[in-house]
Amino acid sequence: MFSSNSISNILGIGDKNLILTGEEIFETIKSVKYCVLNAILTYEPSHCPHCNSNKEGHNIVKNGSQMVKIVFNRAGNNPILLRVKKQRFYCKSCQKTFMAKTSLTNKGCFISNDVKRSIIGDLCEFKSIKLISKEHYVSSSTVNRVLRSTEVTNRKHHLPEILGIDEFKSTKSVDASMSVNLVDVSTGKIIDLVSDRRKFNLKEYFSSYPLKVREKVRYITTDIYAPYIDIAREMFPNAKIVLDKFHIVQLMTRNMNIKRVNIMKTMKTNTHNYRVLKRYWKIILAKEWELNSVEFYSYRCYKNLTNSSEILREILSFNEELKNAHKFYQNFLQSVELRDVDEINKILDKELSDIPECFHTSISTLKKHREYVINAIETTYSNASVEGNNNIIKTFKKVSFGFRSFRNLRARILLRNRYKICYSSSSNELDTAA
C-alpha cells in the first residue's frame with residue numbers, strides 16, 4: 001500500500017506542507033472523468049504578509065479553511081484533480097486574514113505549475129493549440145496565456161557577427177503580407193521576427209539598436225530583395241553584404257528553363273523532340289558534371305538503353321540557341337561551384353551582345369550587385385540556416401492551421417528557439433534552459 005509521501009513523489013508534489021488524506025475517487029466533471037485526491041495544506045506561518053509582524057504567542061491564529069481545486073497532469077487515462085483544504089490565518093495585529101501558500105500554483109490560479117511546464121514543452125513541438133489544450137484538459141485560452149507568459153522583450157543589446165535576413169508569409173493580423181526572419185547564421189538560431197518587411201519598418205526596427213551594436217555586424221546574408229540591401233548599407237556601416245548563392249544560381253536556372261519552354265512552343269506536341277524536352281527538363285538544368293555517363297538504363301521516349309549524359313547530348317542537338325545557352329549556363333554553375341572569382345568577373349565583364357539573350361536580365365542584375373556576388377563566392381556564408389528556420393515557421397503554421405495573431409506566432413517560434421526541452425527517461429520532470 002502506497003503512503004502519502006509515495007503518491008506525492010509520483011505526482012511530483014514537492015510541497016511538504018501539503019498532506020494527502022484518504023483514498024482517490026473518480027468524479028466526472030464536465031464530461032471528463034477525473035481522479036480526485038483530497039489533501040490538507042497547513043503550517044505555522046512565520047509572519048503576517050500584510051503587516052510583516054512576526055508570529056509571537058497567539059497573535060496569528062488559525063481561522064477556518066477554504067477548499068480549492070488544483071489540476072495536475074494526467075496519470076494513466078485520467079487527469080488528476082487535487083482537492084486541497086487550505087488553512088486560513090488571522091492576524092490580531094492588523095486584523096486581516098491570509099491563506100496558506102503553496103509552490104504548486106501561482107496566486108489565484110488553479111492550474112498547477114507542472115501542467116504549465118508540460119504545456120510549454122508541447123508548445124515547442126509541432127502541435128496545434130487545440131490539441132495541446134485537449135491533452136491537458138484546459139481551454140485554448142489557457143494555452144495561449146501560458147504561451148504569452150513566455151514572451152521575452154528583445155532588449156536590443158546584441159546582434160550576431162553574421163546576420164541572415166529573409167522573409168516568410170505572415171499572418172492576416174499584420175499590415176504587410178510578408179514578415180522578416182532574423183537569424184544568427186553562425187549558430188542557426190532565430191534572433192527575432194519582424195512583422196513587416198517594408199523598408200521604413202525595417203529601418204525603424206534596426207534604429208532601435210545602438211550604433212555600437214550595429215557596428216559589430218561583419219556580414220549580412222540576404223537574397224536580392226532591394227530593401228534588404230538598402231537597409232544593410234544604411235544601418236550596418238561595417239558589414240559586408242553577401243548575396244545568397246542559391247538565389248544567384250536560381251536566377252540563371254529560371255532563365256535556362258524559360259529558354260527550354262520557348263523552344264518547346266515552336267515544336268509540335270506529338271513529336272519526339274517535344275516529349276523529350278518536356279519530360280527530361282531536370283537533365284537540362286542539372287550540373288553537367290554530375291550526370292551519369294557510365295551506366296545505362298531504360299528511359300521513356302527511348303527504345304534502347306541510355307543514360308542522362310546521352311539524353312542531354314541529344315537535347316542540345318535539337319537547337320543551336322539552346323546549346324549555346326546551356327554552355328553559358330554550365331560555365332556559370334561551374335564558376336560558382338569552384339568559387340572561381342576571376343571567371344565570375346569575366347562573365348560579368350562581357351557585353352550583353354556576347355551573352356545568350358535569355359540571360360540578359362539576370363546578368364544585368366548581377367552586374368548591378370557585383371560586389372555582393374563576389375562576397376558570396378569568396379565566403380562560405382549563405383541563407384541556408386535562415387531558409388531552414390523559415391521551414392520550421394511554415395510547419396508550425398500548417399500544423400496549427402494558421403495563426404490569427406502575429407504575436408502568438410512570434411512567441412511560439414522564439415519559445416522553441418530559446419528553450420531546450422529534455423524529458424528524462426527516469427522521471428517526468430521538464431528541464432527548460434535558456
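Among residues belonging to the range 174-199 that are without any contact (Cβ under 8 Å) to a residue 24 or more places away in the chain and not in a loop (DSSP other than H, G, I, E, B), point out the one that is nearest to Arg404 (Cα to Cα). For the range 174-199, the residue satisfying everything is Met178. Of the residues making up the range 200-218, just one is without any contact (Cβ under 8 Å) to a residue 24 or more places away in the chain and either under 20 Å from Val249 (Cα atoms) or open to solvent by less than 60 Å² (accessible area, probe 1.4 Å) (or both), namely Tyr205.
State which residue is nearest to Gly64 (Cα to Cα) when the search covers only the range 100-147 and only residues that are among the β-branched types (Val, Ile, Thr) and part of a helix (DSSP H, G or I). Step by step, filter the range 100-147, then rank; the result is Val115.
In the set Val174, Val138, Val194, only one residue is modelled with pLDDT under 95, out of contact with any Pro (no Cβ under 9 Å at 6 or more places or on another chain), open to solvent by less than 70 Å² (accessible area, probe 1.4 Å) and closer than 30 Å to Asn73 by Cα; that residue is Val138. Restricting the range 12-53 to residues that are open to solvent by 60 Å² or more (accessible area, probe 1.4 Å) and among the hydroxyl-bearing types (Ser, Thr, Tyr), the residue that is farthest from the chain's Cα centre (by Cα) is Ser46. Picking from residues in the range 54-110 that are in contact with a Phe, Trp or Tyr (Cβ under 7 Å, 6 or more places away or on another chain) and open to solvent by 70 Å² or more (accessible area, probe 1.4 Å), the one that is farthest from Leu37 (Cα to Cα) is Lys62. Among residues of the range 280-293 being open to solvent by 50 Å² or more (accessible area, probe 1.4 Å) and either outside any helix (DSSP H, G or I) or not charged (D, E, K, R) (or both), the one that is farthest from Asn255 (Cα to Cα) is Ser293. Applying the condition of being within 22 Å of the chain's Cα centre (by Cα) and not aromatic (Phe, Trp, Tyr) to the range 219-242 and asking which residue is surrounded by the most Cβ atoms within 10 Å (Cβ to Cβ) yields Thr221. Quick one: in the range 390-412, which of the residues that are outside any loop (DSSP other than H, G, I, E, B) and out of contact with any helix residue (DSSP H, G or I) (no Cβ under 8 Å at 6 or more places or on another chain) is most open to solvent (accessible area, probe 1.4 Å)? Among them, the one singled out is Lys398.
If you go through the range 9-62 and keep only what is closer than 14 Å to Gln87 by Cβ and part of a strand (DSSP E or B), you end up with Leu18, Ile19, Thr21, Ala39, Ile40, Leu41, Ile60, Val61, Lys62.
The values are calculated or read from the model by the stated rules, or taken from the named source; none is laboratory data. Because the structure is predicted, anything quoted here is derived from the model rather than measured. We place every Cβ from the backbone using ideal geometry, glycine too, and count neighbours over all the protein chains shown. Ligands, DNA and RNA are excluded from the accessible area calculation, which covers all protein heavy atoms including side chains. Shrake-Rupley method; radii C 1.70, N 1.55, O 1.52, S 1.80 Å.
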